[in-house]
Amino acid sequence: MMAPCTTIAEEILELKHERRAILLAHHYQDAEIQELADVIGDSLELSRKAREADGDVIAFCGVWFMAETAKVLNPSRIVIVPDKNASCSLVEACPVEPVREFKCRNPDHVIVSYINTSVEVKAESDILCTSRNAVKIVNSIPAEKPILFLPDRNLGNYVKRQTGRENMKIWQGACVVHETFPARRLLDAKAAFPTALVVAHPECPEAVLRHADFIGSTSAIIEYCAVSPAPEFIVMTESGINFSLERVAPGKKFHYVRNENCNCSECPYMRLNTLEKLRDALISLEPRVELSEEVIRRALVPIERMLAVR
């Protein structure tokens, strides 16, 4: 029986112990969730850590597709998410039916799916990628093989420019946060902070990326800011990254550009998760990710292929 606690955070820590649970948190979660996490990371890091997890329960504080990936890698463990409505605009832009139709019409194409896809789309894919390894994944495919890259058009276009891959079709999905960062606001920020370096996620539009001093995944941005001698940065990604940036680069300054959708730099899906919902999920073990054996078997193949590329 759980002892009386004075804070929700203390309740969560006690429940983690009772449930033999590991708490995985994406960099875009609220700081109060990241403070309690056993592991903080981006999609690739959390995919790897999910496989290495001990215990009976994985509490995944991110969005639903990430928890699905954790379930595929840990089919015997219980995987929960604080809020089942924590979706992703990229997932919603790429339903499985048109992907299946494309496969039927174009059996010669290699389907490279960004990890920001549903487990059903993953099951139809040949290999997955993340923003950190997308260029490496595409370069690993024989040059004569045509590719369908889905679902993020900005990441796809960035990869196409980096690889010079002409035989690559790109799905037209976009991240609700990165897509709406306006280049004009970045230019305003550069004028306001003229000595700051610009670091940007490749999900940003090309008009933003052309002004970046460094382009990389969430974790790559954190690593770059930590080792760079520069004292000041304009950060073109979700502002939840600030928790890790301040931890690894104390004393440096970080500025965030607001996007057009919400006049902020926060992902509305990621921010659906709260401490209260996390506590309740650990009590009820719901919402729980449940997948069929067939989907797990089929989705595991492209995930394993991705994890094998170093």
| message | Out of the strands (runs of 3 or more DSSP E) lying entirely within region 1-94, which hold 1 or more residues that are touching a Leu at 6+ places or on another chain (Cβ under 6 Å) and among the small types (Gly, Ala, Ser)? | response | 57-61
| request: Could you check, for region 271-280, whether at least one of its residues is outside any helix (DSSP H, G or I) and either crowded, with 21+ Cβ neighbours inside 10 Å or out of contact with any strand residue (DSSP E or B) (no Cβ under 6 Å at 6 or more places or on another chain) (or both)? | output: yes
| remark: The condition from (1) out of contact with any helix residue (DSSP H, G or I) (no Cβ under 7 Å at 6 or more places or on another chain); (2) within 23 Å of Leu44 (Cβ to Cβ) that Lys253 misses is numbered (2)
| Leading residue by the ranking (farthest from Asn133 (Cα to Cα)) among those in region 188-222 that are of a type in the set (Asp, Glu) and surrounded by 14 or more Cβ atoms within 10 Å (Cβ to Cβ) | Asp213
| request: Quick one: Pro182 ticks every box in (1) outside the structural domain of Asp152 (by TED's automatic domain parsing); (2) modelled with pLDDT of 95 or more; (3) surrounded by fewer than 18 Cβ atoms within 10 Å (Cβ to Cβ) except a single one, so which number is it? | output: (2)
| Quick one: how many residues across region 102-114 are of a type in the set (A, V, I, L, M, F, W, C) and in contact with a Cys (Cβ under 7 Å, 6 or more places away or on another chain)? | 1
| said: If I go through region 243-275 residue by residue, how many of them are outside the structural domain of Phe233 (by TED's automatic domain parsing) and without any contact (Cβ under 8 Å) to a residue 12 or more places away in the chain? | reply: 2
| message | Filter region 236-270 down to the residues that are within 18 Å of Leu90 (Cα to Cα) and surrounded by fewer than 16 Cβ atoms within 10 Å (Cβ to Cβ) and list them by number. | response | Glu260, Asn261, Cys262, Pro268
| request: Select from region 98-120 the residues that are outside any helix (DSSP H, G or I) and aliphatic (A, V, I, L, M) and list them in ascending order. | output: Val110, Ile111, Val112, Ile115
| message | Conditions first: (1) in a helix (DSSP H, G or I); (2) at pLDDT 95 or above. Phe233 passes all but one, so which condition is the exception? | response | (1)
| message | So if I check each of Ser118, Ser113, Ser131, which one is closer than 27 Å to Ala53 by Cβ, buried (at least 21 other Cβ atoms within 10 Å of the Cβ), at pLDDT below 95 and not assigned by TED's automatic domain parsing to the domain that holds Arg48? | response | Ser131
| query | On the given criteria, is Val96 over 21 Å from Val309 (Cα atoms), touching a Phe, Trp or Tyr at 6+ places or on another chain (Cβ under 6 Å) and either aromatic (Phe, Trp, Tyr) or not assigned by TED's automatic domain parsing to the domain that holds Ala220 (or both)? | reply | no
| query | Residues that are in contact (Cβ under 8 Å) with a residue 60 or more places away in the chain: which helices (runs of 4 or more DSSP H) entirely in region 121-200 hold 2 or more of them? | reply | 134-139, 183-192
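The values are calculated or read from the model by the stated rules, or taken from the named source; none is laboratory data. Note that the structure is predicted; figures quoted are calculated from it, not measured. Note: ideal-geometry Cβ built from the backbone for every residue, glycine included; neighbour counts use all protein chains shown.
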